[in-house]
Amino acid sequence: MAITTQIFWLVILSMIVASIAWTVTQEEIFKEWRDYCENRCDDCQSLPKRKFFYVFTCEYCFSHWTTVLILLLTGFQLLIDDWRGYILAFFAIPWIANQFMSVYRRLRVDIKHENLLAKEVESNLE
């Protein structure tokens, strides 16, 4: 696969991983499941059980497991056409996905900040 095609797929797959990881760990649609996992993470005596439930509350951790699923479904290999390509892709995809999620989080904070400033200015004018 040409390097430009690999970069294209790397970016697209990272966006998919970011979207899935963000939705599961941050958005309201999975809030009940996330709350359940947080409670189980705090209450479980067994370390493996605690870590299992923690994965669903952390976008960084969940992005790695999502990457494993994406790599199994797509067979994407980065730079090298053997098992080493999977290893490279396994680390590159979540790294880029987490960069996307960081930018998205910052954008959401800025939008909320601007909305609050606009409401404050509006209330001062009245």
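Points worth noting:
- Residues of segment 1-22 that are hydroxyl-bearing (Ser, Thr, Tyr) and out of contact with any Phe, Trp or Tyr (no Cβ under 7 Å at 6 or more places or on another chain): THR4, THR5, SER19.
- The residue of segment 1-28 that is surrounded by the fewest Cβ atoms within 10 Å (Cβ to Cβ), among those that are among the small types (Gly, Ala, Ser) and within 15 Å of TYR60 (Cα to Cα), is SER19.
- Residues (hydrophobic (A, V, I, L, M, F, W, C) and surrounded by 13 or more Cβ atoms within 10 Å (Cβ to Cβ)) located in segment 96-112: ILE96, ALA97, PHE100, MET101
- In the condition set (1) touching a Ser or Thr at 6+ places or on another chain (Cβ under 9 Å); (2) at pLDDT below 95; (3) not in a loop (DSSP other than H, G, I, E, B), ASN39 is compliant with all but (1).
- When segment 100-126 is filtered for residues that are of a type in the set (Lys, Arg) and farther than 28 Å from SER14 by Cα, only LYS119 remains.
- Whichever residue in segment 29-65 is more than 20 Å from ILE16 (Cβ to Cβ) and either acidic (Asp, Glu) or in contact (Cβ under 8 Å) with a residue 40 or more places away in the chain (or both) and, among such residues, is surrounded by the most Cβ atoms within 10 Å (Cβ to Cβ): GLU38
- Test for THR23: is it farther than 18 Å from PHE100 by Cβ and either modelled with pLDDT of 95 or more or not in a loop (DSSP other than H, G, I, E, B) (or both): no
- Filtered residues of segment 11-23 (kept if under 13 Å from the mean Cα position of the chain (by Cα) and without any contact (Cβ under 8 Å) to a residue 40 or more places away in the chain): SER19, THR23
- The requirement of being among the hydroxyl-bearing types (Ser, Thr, Tyr) and either part of a helix (DSSP H, G or I) or over 18 Å from the mean Cα position of the chain (by Cα) (or both) is not satisfied by THR57.
The values are calculated or read from the model by the stated rules, or taken from the named source; none is laboratory data. As the structure is a computational prediction, the values presented were derived from the model and not from experiment. Note that we place each Cβ from the backbone using ideal geometry, even for glycine, and neighbour counts take in every protein chain shown.
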